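Please treat every number below as a calculation from the coordinates, not as lab data. Keep in mind the model is a prediction, meaning the values are calculated, not measured. Heads up, the Cβs are rebuilt from the backbone with ideal geometry, glycines too, and the neighbour counts pull from every protein chain shown.
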Amino acid sequence: MACPADRPTVLIVDDDVEIVALLQRYLGANGFQTQSAASGAQVRDRMAVASIDLVLLDLGLPDEDGLSVLRHLQSTWRGPVIVITGRGDAVERVVGLELGADDYVTKPFDFRELVARIRSVLRRVARPAPDATASAQRVEFSGFVLNLAARSLASASGEHLVLTSGEFDLLAALVEHAGQVVDRDRLMTRLHGRDAGPFDRSIDVGIARLRRKLGDDAAAPTLIRSVRGVGYLFAADVRRR
């Protein structure tokens with residue numbers, strides 16, 4: 001993935017040429033470089049040759065289900081994806097988040113809000129340069145090792161668990177406040193830079209995905225506990241070194 005320090009490159013995946021043209025013009029005026037793809041096949045071609053910082057993915061593609069494209073990106077690429085859905089496609093939004101999308105926007109969208117979402121996601125996934133203090137950013141809990149500098153998670157056996165950028169940031173936020181109840185709105189603002197709406201399930205979906213990957217029983221979780229009507233509590237003993 002390219003370094004987003006100067007002019008990050010956004011791959012716009014949409015088969016509506018007018019929308020693509022508007023997005024390219026607006027993003028270009030706001031400090032981004034852009035490339036475009038109108039189909040799943042073109043996405044694969046672009047990702048094979050171009051250095052992309054973020055994918056803006058419309059789910060309604062002519063040749064392939066957009067969720068299938070998202071699965072492909074999650075299995076072959078470690079960068080962030082923002083999904084674009086229709087306003088009434090609540091099921092697609094939830095499925096997209098379950099597959100690891102970092103955020104979503106609904107059509108018709110406000111261009112200023114979209115740019116803010118893109119910048120927020122890119123800030124979260126920007127990796128700090130390795131330095132002498134990197135080893136001090138290792139956190140251990142329940143046999144896992146979370147490396148905040150390298151943005152990685154390993155099991156007791158040394159196996160590296162694959163986390164999306166959103167999952168990593170959610171886990172890091174919970175670990176940072178271990179032993180404290182963190183409300184959903186605070187997590188939403190921390191991860192997405194916005195308040196949670198009454199039907200926004202992105203944090204809950206992220207928690208469910210983390211529990212599965214950590215082996216935390218959803219019926220009786222011991223690592224990430226739900227506090228009804230409030231948020232979540234990271235209950236594991238945490239050691240920093």
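Percent antiparallel among DSSP beta bridges with both residues in the chain, to the nearest 5?
Around 50 percent of the beta bridges assigned by DSSP in the chain are antiparallel ones.
Return the single residue from Arg124, Arg201, Arg228 with maximal mean-square fluctuation; model: Gaussian network over the chain, springs between Cα atoms under 10 Å.
Of Arg124, Arg201, Arg228, the most mobile in the Gaussian network model is Arg228.
Lys/Arg Cβ at +1, Asp/Glu Cβ at -1, dipole of the chain taken about the Cα centre: which of Leu61, Ala173, Ala37 is farthest positive-ward?
Most positive-ward Cα: Ala173.
Determine the dipole magnitude for the chain: charges of +1 sit on the beta-carbon of Lys and Arg, -1 on that of Asp and Glu, nothing else is charged, the reference point is the Cα centre, and the result goes in debye to the nearest 20. Mind showing how you got there, number by number?
Values: 31 positive and 32 negative charges, 177 e Å.
The dipole magnitude comes to about 860 debye.
Answer rounded, prolate or oblate for the range 134-240, using the Cα gyration tensor with square roots of eigenvalues a ≥ b ≥ c: rounded when a/c is under 1.5, else prolate when a/b is larger than b/c, else oblate.
Cα axes put the range 134-240 in the prolate bin.
Classify the chain from the C-alpha gyration tensor, please: rounded if a/c falls under 1.5, else prolate or oblate depending on whether a/b exceeds b/c.
Prolate, since a/c reaches 1.5 and a/b exceeds b/c.
Can you show me the helix-derived [θ] at 222 nm for the chain, built from DSSP H runs with n ≥ 4 at -39,500 (n - 2.57) apiece and divided by the number of residues, rounded to the nearest 500. Walk me through the numbers on the way to the answer.
Values: 8 runs with 92 residues, N = 241.
Mean residue ellipticity at 222 nm (helix-derived): -11500 deg cm²/dmol.
Please list the helices of the chain that count as membrane-span-like by this rule: a mean Kyte-Doolittle hydropathy of at least -1.0 together with Cα atoms stretching 30 Å or more along the helix axis, each helix being a complete DSSP H run.
Qualifying helices, which must be both long enough and hydrophobic enough, do not occur.
Where nothing but the Cβ of Lys and Arg (+1) and of Asp and Glu (-1) is charged, how large is the charge dipole of the range 134-240 around its Cα centre, in debye to the nearest 20?
Details: 15 positive and 13 negative charges, 8 e Å.
The calculation lands at about 40 debye.
How large is the charge dipole for the range 9-125, taken about the Cα centre, if only the Cβ atoms of Lys, Arg (+1) and Asp, Glu (-1) carry charge, to the nearest 20 debye?
Its charge dipole is roughly 560 debye.
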